[in-house]
Amino acid sequence: MMDREREFGRGVTPAMRFLDLSRFEAPDPQPRRAPPPRVADDAITVVCVEQSAEIAAALRSAVSRTPGVAWMGWLRDARDLTATVARTRPRIVLLDADAPGHAVYMNAAEVAELFPECRLIFVGVGASPCVIGRALDAGAWAYVARSDGMDALLDAVRDVAAGQFVLSPSAGAVYRSA
């Protein structure tokens, strides 16, 4: 038994030695998130909060095909928005104005306060003065009605990144008439 312990080490069986478990790291108790994707320094980086996976996929496709704009990721709800913005540092966050409850507005306001370089764009099915007002109170740089289409949203992304405040045509008409 002593020869075996000397050869393989105390408590180590020949099978364990064969596997050479020293090459493997113990699992991290805190799973690591993937690092943010690499993008050009001058790219307009975008993170999205959207409850619908289908809409998020359409947004990802449109953003990814737009020159100078890079998709950084998607969240189904706003619970992890602040942490995601801290980790990925996007220039633009697209937010679902129609998300249930107030969490998206509260978390957006927190992001606007903590990361003033990150600009918020709310996107909603309709545009009412109340909803647009809530978005503006949360720190929005833009409100885009979905009915205005993807081109209006992508124009808003570029304009907001350039420092302009934007209301899409439908949202602007509704807000001015109130």
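Tabulated data for the structure shown
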{"item": "Estimated inter-spin distance, S177 and C130, nm [label 7 Å along Cα→Cβ]", "result": "1.7"}
{"item": "Placed amide H near L75: partners under 5 Å, 5+ positions off or other chain", "result": "C48, V49, E50"}
{"item": "Spin-label pair R79/S52, simplified geometry with 7 Å Cα→Cβ offset, distance in nm", "result": "2.3"}
{"item": "Interchain or long-range residues, amide H under 5 Å from V166's placed H", "result": "A142, Y143"}
{"item": "Point-to-point label distance, M150-D98, nm (Cα→Cβ direction, 7 Å offset)", "result": "1.7"}
{"item": "Order by protection proxy (mean Cβ within 10 Å, highest first), peptides 164-177, 115-128", "result": "115-128, 164-177"}
{"item": "For region 55-66, 3J(HN,Hα) per residue [Karplus equation, 6.51 cos²θ - 1.76 cosθ + 1.60, θ = phi - 60°, Hz, x = Gly/Pro]", "result": "5, 4, 5, 5, 5, 4, 4, 5, 5, 5, 8, 8"}
{"item": "Derived scalar couplings ³J(HN,Hα) [region 72-88; Karplus, 6.51 cos²θ - 1.76 cosθ + 1.60; whole Hz; x for Gly, Pro]", "result": "9, x, 9, 10, 6, 9, 8, 3, 9, 4, 4, 5, 5, 5, 4, 7, 9"}
{"item": "For region 139-155, 3J(HN,Hα) per residue [Karplus equation, 6.51 cos²θ - 1.76 cosθ + 1.60, θ = phi - 60°, Hz, x = Gly/Pro]", "result": "x, 5, 9, 7, 10, 10, 7, 4, 5, 7, x, 5, 4, 5, 5, 5, 4"}
{"item": "Dimensionless Rg/Rh of region 44-177 - Kirkwood Rh, Rg from C-alpha atoms", "result": "0.92"}
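None of the figures in this text is laboratory data; all of them are computed from the coordinates on show. All of these numbers come straight from a predicted model, not from anything done at the bench. Note that each Cβ is placed from the backbone with ideal geometry, even for glycine, and that neighbours are counted across all protein chains shown.
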